[in-house]
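S.K.: Next up is a structure, given as structure tokens.
Values in this text are rule-based calculations from the coordinates and carry no lab data. Predicted, not measured: the structure shown is a model, and the values here were computed from it. In this analysis, Cβ positions are derived from the backbone assuming ideal geometry, glycine residues included, and neighbour counts consider all displayed protein chains.
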Amino acid sequence: MNRILLTIILLTASFPGFSHDVPAPPKPLALDDLMSAFGWDMSKTEITTEKVSDNLYVLFGLGGNIAVSVGDDGVLVVDDQFPQLMPKIKAAIGKVAAKKDGNDVDFVINTHWHFDHAEGNLTLGPEGTWVVAQTNSREMMKNDHLINLVSASYEQKAYPEDAWPAITYDDTMHFHFNGEDIDLLHFGPAHTTGDTAIIFQSSNAVHLGDVFNNAGYPFIDAGNGGTLDGVIKFCSETLKLINEDTTVIPGHGPITDYQALSDYIAMLTTIRERMMTLIAAGATLEDVVAANVTQDWDKKNGDSSGFVNRSYMSLTHKIVDR
């Protein structure tokens, strides 16, 4: 067994209280207040579109990037942002749809259950769209959950049943839609406990949801079972299944490529190694923050405080935010 990993296991076993000594999360904000904190304004948001292939597009608005497959079979989307943006999202889909307009979305695949990627279920589900997700994401949508973003927190309320995924899978699932073989893959807890990578084989593209963030450091929902180790594993397993020409669609940020995902894995692996060395020596969260373990990437990725906090908690605590 890895010596550093063994040390942390022994430390945790020797001091049971260590597993529960977690700073209290901030008081939850209302969604409107959280949106203001993010600088998001739905009334002013425009949906922009980028083409990946003849039948695959990506929509950018607020929240998670939306992949859209269009063709003779209909419309399949990956993630759906917010109900308030749905008229704009549908209008954007209508401009690229081959057979149906954007008012008829046949399937939506949720990469995970977080509100900025799945809240559109509240509109699409009741309209008859088939909602698809990994089993754990469906379970999370059935109850209230606190999402601790460190600088703020939000209590995501349970969705009504007609917004839950009607189709779920555990490890793998396959769609054959619009002339495309579409693979849904789950590699264990990562950003959340119910993440999905979606590979569009004919278009040679993959959507990773928030397991891959190309707009800064990733958010790891340690309070709900997400882990830094899981993010590294999830991305590494996905990388094995794509190639150097694959288009990589992140949960947030611009479309990118194989090399960017490879570099992301290398960054996270190095940061994890630095953190584990400190943790094995007894470092507290404050010690790890002071060590500035992310300094090599801060200029590119911005503030790392939330990422370091959630990463530390996922590496040292079995129970977080309870």
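S.K.: Sketch the reach of a paramagnetic label on residue 37 as a point 7 Å from Cα along Cα-to-Cβ, and name the residues of segment 141-162 whose backbone nitrogen lies under 20 Å away.
M.R.: Taking a point 7 Å out along Cα→Cβ of residue 37, the residues of segment 141-162 whose backbone N falls under 20 Å are 144-158.
S.K.: If one computes the Cα centroid of segment 251-271 and of segment 208-226, what distance in Å separates the two points?
M.R.: If we compute the Cα centre of each part, the gap is 12 Å.
S.K.: Please name whichever of 26, 53, 185 sits farthest to the positive end of the charge dipole of the chain, dipole taken about the Cα centre and charges placed at Cβ: Lys and Arg +1, Asp and Glu -1.
M.R.: 26
S.K.: Once the Cα atoms of the chain are picked out, what are the Rg and Dmax in Å?
M.R.: Rg and Dmax of the chain, Cα atoms, are 19.5, 63 Å.
S.K.: Ok, one more. Treating the beta-carbon of each Lys and Arg as +1 and of each Asp and Glu as -1, no other charges, what is the dipole magnitude of segment 3-316 about its Cα centre, to the nearest 20 debye? Numbers along the way, then the final one.
M.R.: Working: 19 positive and 42 negative charges, 112 e Å.
It comes to approximately 540 debye.
S.K.: Pick from 268, 31, 239 the residue whose mean-square fluctuation is largest in a GNM of the chain, springs joining Cα atoms under 10 Å.
M.R.: Result for the chain, Cα springs under 10 Å: 31 fluctuates most.
S.K.: Rank the residues 60, 234, 307 as a footprinting-exposure proxy: fewest other Cβ atoms within 10 Å of their Cβ go first. Intermediate results must be reported in sequence, preceding the final value.
M.R.: Numbers: 60 20, 234 26, 307 23.
Fewest-to-most Cβ neighbours within 10 Å comes out as 60, 307, 234.
S.K.: Connecting C-alpha atoms closer than 10 Å in a GNM of the chain, tell me which of 43, 304, 202 has the biggest fluctuation.
M.R.: Largest GNM mean-square fluctuation: 43.
S.K.: Hydropathy at least -1.0 by Kyte-Doolittle, axial extent at least 15 angstrom from the Cα trace: which helices of the chain, defined as entire DSSP H runs, fit?
M.R.: 3-14, 86-96, 228-241, 258-280, 305-316
S.K.: Further, regarding this structure: Calculate, for residue 262 and residue 146, the FRET efficiency according to 1/(1 + (r/R0)^6) with r their C-beta to C-beta distance and R0 25 Å; round to the nearest 0.05.
M.R.: The computed FRET efficiency comes out at 0.15.
S.K.: Give me the number: length gained by fully extending residue 201 to residue 289, i.e. 0.36 nm times residue separation minus the C-alpha to C-alpha distance, one decimal in nm. Spell out each step's value before the answer.
M.R.: Details: separation 88, 0.36 × 88 = 31.68 nm, distance 4.09 nm.
Extending this stretch completely gives an extra 27.6 nm.
S.K.: Choose one of 291, 131, 35: the residue whose Cα lies farthest towards the positive end of the charge dipole of the chain (beta-carbon charges +1 Lys, Arg; -1 Asp, Glu; about the Cα centre).
M.R.: Ranked along the dipole, the leading option is 291.
S.K.: I want to check the label-to-label distance for residue 172 and residue 240. Put each point 7 Å from Cα in the C-beta direction and report it in nm to one decimal.
M.R.: Here the answer is 1.2 nm between the modelled labels.
S.K.: Explain nothing, just the number: relative contact order of segment 247-322, from Cα pairs under 8 Å at least 6 residues apart, as a whole percent.
M.R.: Working: 32 pairs, mean separation 15.0, N = 76.
Computed value for segment 247-322: 20 percent relative contact order.
S.K.: Can you order the peptides 181-192, 152-163, 124-135 by their average number of other Cβ atoms within 10 Å per residue, highest first?
M.R.: Ranking the peptides 181-192, 152-163, 124-135 by packing returns 181-192, 124-135, 152-163.
S.K.: Under a plain spin-label model, where a point goes 7 Å from the Cα along Cα-to-Cβ, how far apart in nm are residue 158 and residue 95?
M.R.: 4.0
S.K.: For segment 144-281, just list the percent of Cα-Cα distances falling in each 10 Å bin from zero outward, please.
M.R.: Distribution as computed: 11, 37, 35, 15, 2, 0 percent.
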